[in-house]
Amino acid sequence: EEPEVEQEQEPDEAQDIIWGTTVNAGVTQRKFRKFMDEFELDGAKVYHALLDELRETEVFSLNLNCANLFTFDPTLYSQLARYPTEVMELFDEVATDAYQRRHDEEAERPIQIRPFGLRQVANMRELDPSDIDRLVCIRGMITGSPAGIPDMKTAFYKCHICAHGIEADVRDGRVKEPAHCANCSRAHTMSIWHNRSTFSDKQLVKLQETPDEIPDGETPATINLCVFDDLVDICKPGDRVEITGIFRAMAIRKNQQMRSLASVFKTYVDVVHFKKTDDQRLSMEDASADKESEYFTSFNEGDEVEQGREQRKRRLMQISQRSDIYEVLTRSIAPSIFESEDVKKGILCQLFGGVNKCLNEKKARFRGDINILLVGDPATSKSQMLKFVHKIAPRGIYTSGKGSSAVGLTAYITKDPETRESVLESGALVLSDRGICCIDEFDKMSEATRAVLHEVMEQQTVSVAKSGIICTLNARTSVLAAANPIRSKYDPSVSVVENIDLPPSLMSRFDLIYLILDKPNPISDRQLAKHIVAMYGPVSYTHLRAHETPEHLVCRLLLEKKKKNK
């Protein structure tokens, strides 16, 4: 929890404390104005450049990196984290005023500040009542994003006797209906006119815990997100995101026809910023890409200016001119796995992907994604290779063949808890759209489950006809599968096809098939032992005791490490 910081005040400045907080509106706006005018990175004023870009792009939202705000003034950061609803309104006014002062013109609409990059990322399970109405940052995977709905901002009421009209603002989801007409003074004559009211876009999104954050023996936790205005339809199911928003609580109304509320509250998050990029993963979307490109996104999630993007582009161009770029990137794929250079080169090509071919609108689309099958003996790092790809791929699902069903891979029908209507939920292959779906134990998958892969791996679509819902979903995914031979270990006395227990129609859809064999060889086994020992620290063969082989050294070091962990 952030420490409470005393509010600094000028001796001649009037007290303008916002009710229920310790925020002095005048002091807070003056400090934030100073932050926008004076903060620099690499000798350049960041927010002056961002205001210039707002004028060119006509997207009136300004991303605020909270790490920069904390470096400049910890007081502002503490106030923003504790009282986001009140402080963000003050920040919006300062940003709009700064835009007008810099360009000598009024903005088409008020500029919205979108903070991101809080110092602490909260766990979804650890959110409690003390976090209500505070700014929180959580990570997860989008599992559902239904169509947007209109959210009323201003209600227009009209008297059905004298036709006098009046507008009423909506505050905290409630609108105060006028009891009397201001013109004829008659009671209960005002009725709402929806075509004269103003609405904004709203979307209800479901965020689920990522598999690496789920405690042992627990099921994934889910939280509801409310998305407004420019953030609607930014995220799709399957995206791993870091969201920044205000944690809210709302009372449950058991009967929609009665005004009484229950004492039980449901929680949700009002999202103010989405962040899809991660330093540990490949990035797939870019706001600076061409609008006709499939990688274009309308939401710029960072605060990088044009100068920074040009520097990054020049650095990538310099790296691309290296003659050994293919080998350098190959060595970066799963460096903890010994050898398997050819397999790593194929996976590298799969991560980059090919080019989708579409000759014209009438002809079919030819996929550019690569499907890879790894077949080999046990303990040859097939599963570790799949887990590494799953960690760095921008989108994708890791699943096992034995624990997967046909509907779990494609789509399934479920009841919406609020509307009680049948809705279509995406499966693993649909959630991996424009990503990589890693399937382990592919040989143990049932025939009915394998049958759904034929359409996905070639046409890259999933056709659904269930419970009156008939549709075709996109599944533009690359499949990376790992399987064991039919007798668990590869038999060199029979052919390759006989070792791989897969139907020919499915094998033909894999573009690359790798055989990973564990051949007994003293030289390669000794090199593997050296590689494993080097992974646990700067250990050399001077640690060998008398009459101890390298294999014994590996076992001894592993046992010592287990004892330390205990």
**Check on ASP97, assigned to a loop (DSSP other than H, G, I, E, B), in contact with a helix residue (DSSP H, G or I) (Cβ under 8 Å, 6 or more places away or on another chain) and among the acidic types (Asp, Glu)** = no
**Request:** Kindly indicate which of THR75, THR21, THR85 is at pLDDT 85 or above, more than 26 Å from ARG309 (Cα to Cα), open to solvent by less than 40 Å² (accessible area, probe 1.4 Å) and not hydrophobic (A, V, I, L, M, F, W, C).
**Result:** THR75
**Out of VAL121, VAL59, VAL46, sole residue that is open to solvent by 40 Å² or more (accessible area, probe 1.4 Å), aliphatic (A, V, I, L, M) and in contact with a strand residue (DSSP E or B) (Cβ under 9 Å, 6 or more places away or on another chain)** = VAL121
**Message:** I want to confirm something. Restricting to segment 328-342 and keeping residues that are polar (S, T, N, Q) and part of a helix (DSSP H, G or I), which single residue is least open to solvent (accessible area, probe 1.4 Å)?
**Reply:** THR330
**Item:** Only listed residue being of a type in the set (Gly, Ala, Ser) and touching a Pro at 6+ places or on another chain (Cβ under 7 Å), chosen from SER61, SER145, SER130
**Value:** SER145
**Complete:** Screening ILE397, ILE347 for residues that are modelled with pLDDT of 75 or more, over 30 Å from LYS45 (Cα atoms), in a strand (DSSP E or B) and within 25 Å of the chain's Cα centre (by Cα) leaves only ILE397
**Prompt:** Using beta carbons and a limit of 9 Å, which pairs, at least six apart or on different chains, have the first residue in segment 37-65 and under 24 Å from PRO84 (Cβ atoms) and in a loop (DSSP other than H, G, I, E, B) and the second one at pLDDT 80 or above and hydroxyl-bearing (Ser, Thr, Tyr)?
**Reply:** PHE39/TYR47; PHE39/THR71; PHE60/THR96; PHE60/TYR99
**Message:** Given the criteria free of Cβ contacts under 8 Å to residues at least 60 places away in the same chain and open to solvent by less than 10 Å² (accessible area, probe 1.4 Å), does ILE142 qualify?
**Reply:** no
**Request:** Can you work out which of the residues in segment 366-414 that are in contact (Cβ under 8 Å) with a residue 60 or more places away in the chain and of a type in the set (D, E, K, R) is most open to solvent (accessible area, probe 1.4 Å)?
**Result:** LYS391
**Fill in**
By residue number, the members of segment 123-163 that are part of a loop (DSSP other than H, G, I, E, B) and within 18 Å of THR85 (Cβ to Cβ) are LEU127, ILE132, ASP133, ARG134
**Request:** Give me a count of the residues in segment 108-122 that are in a loop (DSSP other than H, G, I, E, B) and touching a Phe, Trp or Tyr at 6+ places or on another chain (Cβ under 6 Å).
**Result:** 2
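The values are calculated or read from the model by the stated rules, or taken from the named source; none is laboratory data. Fair warning: this is a prediction, and the values are worked out from it, not measured in the lab. Positions of Cβ are backbone-derived with ideal geometry, glycine not excepted, and every protein chain shown enters the neighbour counts. Only protein heavy atoms, including side chains, enter the accessible area calculation; ligands, DNA and RNA are left aside. Shrake-Rupley method; radii C 1.70, N 1.55, O 1.52, S 1.80 Å.
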